[in-house]
Amino acid sequence: MAKLYEKSFYRRKISTRRGVWTTWTAPQTWSSWLIRPAADDVISELFSCDCVSGITDVTDSVAIRDFVPPSGNWSLLVQTPHQRWATFADHLKYNESLEPLRNQFPGDVLTTGAIDDSGVFYVRLWTAGSQKLELVTDGRGWPMPPEDIDDEDDEDYRSIFGFVSDKHESDWPHSFDRSEEAHQQLIIDLDAYVPHFYFADNELGCSYEHRDAADMKNIDRVSLVEF
């Protein structure tokens, strides 16, 4: 079950991990952007996007912590042998430079994240510029977690989420007891593993039990993408 999967990541081989590193336990607002090529070459498909001005292989410099970020808008693209999705990593909580990829990248663009202290998470998917999926919530559950419900406040029982999908019924999220279960299942169904790559203190990293995802033995290539 999806609700058990998040807690078992560290016990799974990295090649078999699918799902998102967390929904609610991040210490701050976070976001991840991933792309999956329509064919086989994610670099050439990415370079075809008008918003991209340059792509450089920086695997070696990242590995020895000698990579120096350029001035201007940039992100690192991390490719692994364990999934077809490639993941962007940089120093920003939300990198607006990635937004044009939604309309320009010829394959799939997936973004997911959560906003600290507001109970909001989101999953959005585009394919060849067409949006295929969106789940956005502004509450921590549907209904709210039992410990948070005020019996005298009817608002606490509302189901608050927006959901659009070309593959699911409109009430699909309510097949789960809690919103984080739906979050996990959507990422699993997309055959994606989201360990939350980031770049900080001159080092490529991942959060908590997912640190091994940032080990260079589990990475094929790191590319500097300039916008």
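Seen through its C-alpha gyration tensor, with square-root eigenvalues sorted a ≥ b ≥ c, segment 48-106 comes out oblate because a/c lies at 1.5 or above while a/b is not bigger than b/c.
Run the numbers on the chain and let me know its relative contact order in percent, using alpha-carbon pairs under 8 Å that are six or more apart.
Relative CO of the chain lands at 32 percent.
Taking only the C-alpha atoms of segment 1-129, the Rg (one decimal) and the largest Cα-Cα distance, Dmax (whole number), read 15.6, 44 Å.
Computed from backbone phi with θ = phi - 60° and the Karplus coefficients 6.51, -1.76 and 1.60, the 3J(HN,Hα) list for segment 120-132 is 10, 10, 8, 9, 9, 9, 10, 10, 6, x, 10, 6, 10 Hz; x is used for glycine and proline.
Could you give the size of the charge dipole of the chain about its Cα centre, using +1 on the Cβ of each K and R and -1 on the Cβ of each D and E, expressed in debye and rounded to the nearest 20? Write down the numbers at each step before the final one.
Values: 21 positive and 40 negative charges, 233 e Å.
In total the dipole reaches around 1120 debye.
Just the protein heavy atoms count here, and of the accessible area of the chain at 1.4 Å, carbon and sulfur take up 45 percent.
Across all Cα atoms of the chain, the radius of gyration (one decimal) and Dmax (whole number) stand at 17.9, 60 Å. Working note: Karplus 6.51/-1.76/1.60 with θ = phi - 60° gives segment 211-227 the couplings 4, 5, 5, 8, 5, 4, 5, 9, 10, 7, 7, 10, 10, 7, 10, 10, 10 Hz, where Gly and Pro are set to x. Helix 179-189 and the long axis of the chain differ in direction by around 40°, with both axes built from C-alpha atoms. In terms of accessible area, using a 1.4 Å probe and ignoring ligands and nucleic acids, 221, 12, 18 rank largest first as 12, 221, 18.
The values are calculated or read from the model by the stated rules, or taken from the named source; none is laboratory data. A quick note: this is a predicted structure, and the numbers were derived from the prediction, not measured. Note that each Cβ is placed from the backbone with ideal geometry, even for glycine, and that neighbours are counted across all protein chains shown. For the accessible areas, the whole protein counts, side chains as well, though only heavy atoms, and no ligand, DNA or RNA atoms are used. Shrake-Rupley method; radii C 1.70, N 1.55, O 1.52, S 1.80 Å.
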